[in-house]
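K.L.:
Got a structure for you, written out below as structure tokens; questions coming shortly.
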Amino acid sequence: MSERIHLSKAEVTEVEEQFVLAALRSGWIAPLGPDVEAFEAEIADRVGVKHAVALASGTAALHLALLELGAGPGTCVVLPSMTFAASANAVVYTGAEPVFVDSRPSDGNVDPVLLLQAVDELRDEGRTVAAVMAVDLFGRAADYEAIEPALANRGIALIEDAAEALGARRGGKPAGSFGRCAALSFNGNKIMTTSGGGMLLGDDGPLIEHARTLATQAREPVPWYEHKEIGYNYRMSNILAALGRGQLRRLDHMIGRRRAIRQLYREGLGNLAGVRFLGDGADADACDNCWLTCVTVDRESYDLTADRLVASLNCHDVEVRHLWKPMHLQPVFGGARSFVTGASERLFSTGVTLPSGANLRDDQIARVIDLFQSALAR
Ligand SMILES: *Cc1c(COP(=O)(O)O)cnc(C)c1O
């Protein structure tokens, strides 16, 4: 039978092989080295920010961002409910309390009005809001025109979780350049990968430099091992940074292919009544890196939930997945404070992500479209 069609598999070529081989042969194995510095500079340049520190994961980047902005016991951090658990876990690592805010229906990103309402209500109650974390969902930047100035007026720091959104833009500004600092992920399934890795970036030099110290076991710059703070072992290795440099050379190509795949899905599924592409609208593609194409299926038109769609395509070896299950519905965050409208729950029960990897061929996308249409027709 035909081979399994994956959701978002890493694509590596001779370009990456050459970077990694050169790093291995250079002798810079343990663990930092010149490729780390070069990778940081190249990503900072790409995103248009001044400073960056390469890390072991996107989760580590979020953890350090939160620590730098004073998240800790007795404070809370407001973030979207519809996100990957890592966004919320990082808040809990610091001892702060996560407070969840629902999505807007159009693209699943955080509802800016509800977000500000949550912040104001918490402050009226005398709570300390250490930061707001916005998430750029499935590769589409959050509504920073609405969020950034309103938080600045209130004196509240913004962290951008851009783990899914490298290459996306909003109002002409690249994802990863919003807020006081931003986190990227280079996990294997993201738009580009270092196998596992992440980066914290921003224009605030002292913030990024202090995060760099914390990430390097909080070692003081003296000849012996001197520590004034509790540190972490969070840096990226030189070999993986070399892989990232190779991937970055091909990022635009990989985004272009994912965009073309989105277009194939539009042509194949866009005319079906009751099928909607998440985030489709006026300037949809301009601000989207097309990481994962997500569609929702209207409950009125089809007697079909995301569950059944996921099951019916997976039994044909096509990896279709649920959207992120909202955090306020997760057992582990059961008691958490949430500002909920029902929008993310609806998206979760009716939405799926379609195979979107840059290495998928046109005939594989055609197969997904066929299977999707038959699942709807049943
Ligand atoms: C992937 C992801 C992370 C975590 O990144 P890792 O590199 O896997 O630790 C955080 N937030 C979001 C929204 C993500 O998609």
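K.L.:
For region 260-344, what is Rg from Cα atoms divided by 2.2 N^0.38 Å, rounded to two decimals?
P.N.:
1.27
K.L.:
With a 10 Å cut-off between alpha carbons and a GNM built on the chain, which of Val275, Val119, Val332 moves the most?
P.N.:
Of the options given, Val332 has the highest mean-square fluctuation.
K.L.:
Which of the lysines could a cross-linker bridge to Lys173, judged by Cα under 22 Å and excluding same-chain residues fewer than eight apart?
P.N.:
Lys50, Lys190
K.L.:
For the chain, what is the charge dipole size about the Cα centre, in debye to the nearest 20, if Lys and Arg each add +1 at the Cβ and Asp and Glu each add -1 at the Cβ? Kindly include the intermediate steps, with their values, before the conclusion.
P.N.:
Details: 37 positive and 48 negative charges, 94 e Å.
Dipole magnitude for the chain comes out near 460 debye.
K.L.:
Considering only the chain, what is the antiparallel percent among its DSSP beta bridges, to the nearest 5?
P.N.:
Numbers: 25 of 44 bridges.
Among the beta bridges of the chain, antiparallel pairing accounts for roughly 55 percent.
K.L.:
Could you state the number of Å between the C-alpha centres of region 239-307 and region 20-57?
P.N.:
29 Å
K.L.:
Can you return the aspartates and glutamates within cross-link range of Lys228? Criterion is Cα-Cα under 18 Å, with same-chain partners fewer than 8 residues away left out.
P.N.:
Within the straight-line cut-off, Lys228 pairs with Glu68, Glu209, Glu220.
K.L.:
Would you mind putting 27-33, 207-213, 100-106, 224-230 in packing order, based on average other-beta-carbon counts within 10 Å, highest first?
P.N.:
Highest mean packing first, the order is 100-106, 207-213, 27-33, 224-230.
K.L.:
A follow-up question, please. How large is ³J(HN,Hα) for each residue in region 20-34, as worked out from phi by the Karplus curve 6.51 cos²θ - 1.76 cosθ + 1.60 (θ = phi - 60°), to whole Hz, x for Gly and Pro?
P.N.:
Rounded to whole hertz, the list is 5, 4, 4, 5, 4, 6, 5, x, 7, 9, 9, x, 7, x, x.
K.L.:
Using a Gaussian network model on the chain with a 10 Å cutoff between Cα atoms, which of Leu323, Leu201, Leu114 fluctuates the most?
P.N.:
It is Leu114.
K.L.:
Leaving ligands, DNA and RNA out of it, rank Cys315, Cys294 by accessible area with a 1.4 Å probe, largest first.
P.N.:
Greatest to least solvent exposure: Cys315, Cys294.
K.L.:
Moving on to the next point. Name the residue, out of Gly246, Gly58, Gly205, whose mean-square fluctuation peaks in a Gaussian network model built on the chain with Cα pairs under 10 Å.
P.N.:
With Cα springs under 10 Å in the chain, the top fluctuation among Gly246, Gly58, Gly205 is at Gly205.
K.L.:
Next question, about the same structure. Give the calculated FRET efficiency between Ala366 and Ser195 to the nearest 0.05, with a Förster radius of 30 Å applied to their Cβ-Cβ distance.
P.N.:
Rounded to the nearest 0.05, the efficiency is 0.50.
K.L.:
I want the local charge near Val113. Using Cβ-Cβ distances under 12 Å, sum +1 for each Lys or Arg and -1 for each Asp or Glu among the other residues.
P.N.:
Here the count lands on -3.
K.L.:
Starting from the exponent 0.38 and prefactor 2.2 Å, build the expected Rg for region 200-243 from its residue count and divide its actual Cα Rg by it.
P.N.:
Computed over Cα atoms of region 200-243, the ratio equals 1.27.
K.L.:
Here is a further query. List the residues whose amide H sits under 5 Å from the amide H of Val135, counting only those 5 or more places along or on another chain, with H placed 1.01 Å from N in the peptide plane.
P.N.:
Val110, Asp161
K.L.:
Would you mind working out the accessible area per residue for the chain, using a 1.4 Å probe, and quoting it in Å²?
P.N.:
40 Å²
K.L.:
Still on this structure: Based on the Cα gyration tensor of region 1-50, what are the three equivalent ellipsoid semi-axes, each the root of five times an eigenvalue, rounded to whole Å and given largest first?
P.N.:
Those come to 28, 19, 9 Å.
K.L.:
Once phi is turned into ³J(HN,Hα) by the Karplus curve 6.51 cos²θ - 1.76 cosθ + 1.60 with θ = phi - 60°, what whole-Hz value does each residue of region 344-358 show in order, with x for glycine and proline?
P.N.:
5, 5, 5, 4, 5, 7, 10, x, 9, 9, 9, x, 9, x, 5
K.L.:
Here's something else I'd like to know. Tell me the carbon and sulfur percent of the accessible area for region 14-249, rounded to whole percent, probe radius 1.4 Å.
P.N.:
C and S fraction of accessible area: 55 percent.
K.L.:
Enumerate the calculated ³J(HN,Hα) couplings along region 8-14 in order (Karplus 6.51 cos²θ - 1.76 cosθ + 1.60, θ = phi - 60°), each rounded to whole Hz, writing x wherever the residue is Gly or Pro.
P.N.:
With the stated coefficients, region 8-14 comes to 7, 9, 4, 10, 10, 10, 4 Hz.
K.L.:
Over the chain, what is the relative contact order in whole percent, taking alpha-carbon pairs under 8 Å and six or more residues apart?
P.N.:
Once normalised by length, the contact order is 24 percent.
K.L.:
Turning to a different aspect of this structure: Restricting attention to the alpha-carbon atoms of the chain, what are Rg (one decimal) and Dmax (integer), both in Å?
P.N.:
20.8, 70
The values are calculated or read from the model by the stated rules, or taken from the named source; none is laboratory data. What you are looking at is a predicted structure, and each value in this text was computed from that prediction instead of being measured. Using ideal geometry, Cβ is built from the backbone for each residue, glycine included, and neighbour counts are taken over all protein chains shown. Ligands, DNA and RNA are stripped out before the accessible areas are found, and what is left, the full protein with its side chains, is counted by its heavy atoms. Shrake-Rupley method; radii C 1.70, N 1.55, O 1.52, S 1.80 Å.
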